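Where a number appears in this text, it was derived from the coordinates with a stated rule and is not lab data. What you see is a predicted model; the values in this text were computed from it and never measured. Cβ placement follows ideal geometry from the backbone for every residue including glycine, while neighbour counts extend to all protein chains displayed.
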Amino acid sequence: MKDDTSAVPASDEDWPKLPDNWRCSIEIDATGDGQYGGTLELKCDGVLKCRMAITHIGRTKSEAYRRAKERAERWMADWTSRHTGEDETARRA
């Protein structure tokens, strides 16, 4: 299997769209069955809010990053819909 290293997100547009105080990290590796998988983490002000194991998300690294980005954005949309208007500091207490 060819390692598609050029697929690592190169620009801000390639990363998930998140609010300013949120950060995302994505680690993608080839699996033994010809697919890609890895982990995705979402943090708000440095506090881990989501760690997701993502498996079988593509046959190329670029496809895997695209799908990981989509999953992060869906998770963020869901989280935001349930927490809009809440004070982040109060949730950490």
What number results when the radius of gyration of the stretch 18-78, computed over Cα atoms, is divided by 2.2 N^0.38 Å?
1.13
Spin-label point model (7 Å from Cα, Cβ direction): what's the residue 49 to residue 73 distance in nm?
1.7 nm
